[in-house]
1. Using alpha carbon centroids, what distance separates the stretch 130-177 and the stretch 63-80, in Å?
2. Mind checking which of 110, 182, 200 is farthest towards the positive end of the stretch 84-219's charge dipole, using Cβ charges of +1 (Lys, Arg) and -1 (Asp, Glu) about the Cα centre?
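Each value in this text was obtained by applying a stated rule to the coordinates, not by laboratory testing. Note that this is a predicted model, so its numbers are computed, not measured. Cβ coordinates were reconstructed from backbone atoms using ideal geometry, including for glycine residues, and neighbour counts include every protein chain displayed.
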Amino acid sequence: MNAVSMQLMKRKSFSTGRVVGLLAGSLWIAGVTLTARAVDVFTVDPSQSYVSVSGSVVGNALEPQGAGSLTTHCQGSLLVEVGANAIQFPGQSQVVALDSGNWEPLADGSDGSAPANFGGAASFFLTDGVAAARHVQADMASGSIVLVNGQFDTAGITFLIPAGAGSSLAYRVTGAIDDSGAITLDGQSATGQVAQGSIATVGGQVVLTLPIRYTFKFSLVSNDDTTVNLTGQLVATRSL
């Protein structure tokens, strides 16, 4: 697994930055604007497409708020241009994370729970925090990638949350420090994973499989003291 390092600027208080570190890395994704050409549209299969989050916050394990809160399934469409020896993601795809349950806090950071894509929790000293990511929508963009026997390198693909998508991360901290609020995730990005994607014809369909293997590093109290790991895949199909 290749580590994609990301440094997170500290906010006004330690608590805000710490809780942002819970999930902001999972929503990994960025701001590149490309114009879609005449391409194939692949439909993302939510039964096979998912993203899971794990890691640690200042040496303390990132915990789920409840069963399944750190895994979400995805639906939507991928725009892909496929040639005999190359594949390209021209942008303007729309991959939408589904809600995995009702998680804390509310969208503005206030007390309570509501539907969310992810819900994470962590404790540090005498402080407990929860965070919930909502309305996460991803695009994908790349240049031309060499395609060999149905396999291709995914390192050149940028996953991005488009500007205006309305993706957000709400947080709430209680204990020695009390703080709450929400930040936008629009414009975030990740790229450079080391993994092989594939495209193949199965029966009357073309099946595209994109693995997700990222490790994000954050500096909250000391250098690279917080790690968020993303694992999963996107599986999308189109009819012949």
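1. So the separation of the two Cα centres works out to 11 Å.
2. Looking along the dipole axis, the top candidate is 200.
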